[in-house]
Amino acid sequence: MSHVLIQQLLEKAPVILDGAWGTQLQSRGLAVGACPDEWNLSHPADVEAVARAYVEAGSQIILTNTFGANPITLERYGLADKTVAINRAGVEISKRAAAGQSFVFASIGPTGVMLMMGTKTPEELRSAFLVQAQALAEAGADGLVIETMSDPAEALLALEAAKTTGLPVVVCMTFDSGKNRDRTMMGTTPEQAAEQLSAVGADVIGANCGAGPENYVSICERLKAATDRPVWIKPNAGLPEIVDGRTVYRIAPQEFAKYVPKLVEAGASFIGGCCGTTPEFIKAICQLLGKNSN
């Protein structure tokens, strides 16, 4: 049984999510290679501007600028001791921007550690996710989104940690590998991911990043067929291209939005965008679905 909040949201399905955060922060001056999550402390107004733009565009759920705010990732920037502060600030910023108009689901991304390499134990990863999840929950997040996962083993550790909070938990894998770009980097299929995540108790299962919307219709269909959980889909604005040293995404908002009815037909209950998408993409989705922006 899905969490009660998820059931309430499904009454308004498809639920409109937000778009990219990293590329939006870079457009406001975040340097490539800098720690985006640290901006919750040093540039809160810029982070809030990103969140508010998505609320105004019509996002019914917005995320938080906490994708890399687990202690293992933050340690690479010398910021592990600020883990709790960064996560709490991330939720507080998004909740201010939401102003009661949108729900805030806090973002939890991968650690960047490959378990098979043996540099960290599963228990160390679980502990890192637990610190982050509890900080996000204590700050008042409405739900948690574990996203951009390539290794189902890491996704399951994050899910176990997130479920201790009692909040609804979404888990999204990235399918960007294999001949048909329908497997994770570890070779996991949508069916395998859906079955494993359902068994451990994810409230919502989905896919994000890795490809444009045209690739996500079949991924969505396959996830939907393999689980009784609602499906969450956030494609990129196409595949990234490097032009004059900058990353460029070619798909325009209206073109992206044209795939939304196909995603709904394929079974998506939650739809937004990932890398390269902007508030204009969310507006285009809302207009196409006849949903008013906030």
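The values are calculated or read from the model by the stated rules, or taken from the named source; none is laboratory data. Just so we're clear, the structure is a prediction, and the values are computed from it rather than from any experiment. Every residue, glycine among them, receives a Cβ derived from its backbone with ideal geometry; neighbour counts consider all protein chains shown. To get the accessible areas, we keep the full protein, side chains included, count just its heavy atoms, and leave off ligands, DNA and RNA. Shrake-Rupley method; radii C 1.70, N 1.55, O 1.52, S 1.80 Å.
Scanning the range 245-291 for residues that are among the β-branched types (Val, Ile, Thr) and open to solvent by 50 Å² or more (accessible area, probe 1.4 Å), which turns out modelled with the lowest pLDDT? Full working, then the answer.
Pass one, the range 245-291, residues among the β-branched types (Val, Ile, Thr): 247-248, 251, 260, 264, 271, 277-278, 282, 285.
Those left that are additionally open to solvent by 50 Å² or more (accessible area, probe 1.4 Å): 247, 264.
On the way: Thr247: 80, Val264: 97.
Checked the range 245-291; the qualifying residue modelled with the lowest pLDDT is Thr247.
Since Met114 meets every condition but one in (1) within 24 Å of Gly238 (Cα to Cα); (2) open to solvent by 70 Å² or more (accessible area, probe 1.4 Å); (3) not acidic (Asp, Glu), which condition does it not meet?
(1)
Under 7 Å between Cβ atoms, which residue pairs at least 6 apart in sequence (or on different chains) link something in the range 234-246 that is without any contact (Cβ under 8 Å) to a residue 12 or more places away in the chain and of a type in the set (D, E, K, R) with a partner that is open to solvent by less than 50 Å² (accessible area, probe 1.4 Å) and part of a strand (DSSP E or B)?
Qualifying pairs under 7 Å: Glu241/Val248.
State yes or no: is Ala34 surrounded by 15 or more Cβ atoms within 10 Å (Cβ to Cβ), in a loop (DSSP other than H, G, I, E, B), modelled with pLDDT of 95 or more and hydrophobic (A, V, I, L, M, F, W, C)?
Details: surrounded by 15 or more Cβ atoms within 10 Å (Cβ to Cβ): no; in a loop (DSSP other than H, G, I, E, B): yes; modelled with pLDDT of 95 or more: yes; hydrophobic (A, V, I, L, M, F, W, C): yes.
Answer is no for this residue.
Output the residues belonging to the range 174-221 that are farther than 29 Å from Glu241 by Cα, among the acidic types (Asp, Glu) and free of Cβ contacts under 8 Å to residues at least 60 places away in the same chain. Quick ask: steps written out before the conclusion?
So the first thing to find is which residues in the range 174-221 are farther than 29 Å from Glu241 by Cα, and the list is 191-192, 194-204.
Checking the rest, the ones that are also among the acidic types (Asp, Glu) come to 191, 195, 203.
Once the filter is applied, which keeps residues that are farther than 29 Å from Glu241 by Cα, among the acidic types (Asp, Glu) and free of Cβ contacts under 8 Å to residues at least 60 places away in the same chain, the range 174-221 yields Glu191, Glu195.
Can you name the residue in the range 198-225 that is of a type in the set (A, V, I, L, M), touching a helix residue (DSSP H, G or I) at 6+ places or on another chain (Cβ under 7 Å) and within 16 Å of Gly178 (Cβ to Cβ) and, of all such residues, is surrounded by the fewest Cβ atoms within 10 Å (Cβ to Cβ)? Working first, answer last.
Kept after step one, since they are of a type in the set (A, V, I, L, M), are these residues of the range 198-225: 199-200, 202, 204-205, 207, 211, 217, 219, 223, 225.
Now drop any that are not touching a helix residue (DSSP H, G or I) at 6+ places or on another chain (Cβ under 7 Å), which leaves 200, 202, 204-205, 207, 217, 219, 223.
Checking the rest, the ones that are also within 16 Å of Gly178 (Cβ to Cβ) come to 207, 219, 223.
Working: Ala207: 32, Ile219: 27, Leu223: 30.
In this case the residue turns out to be Ile219.
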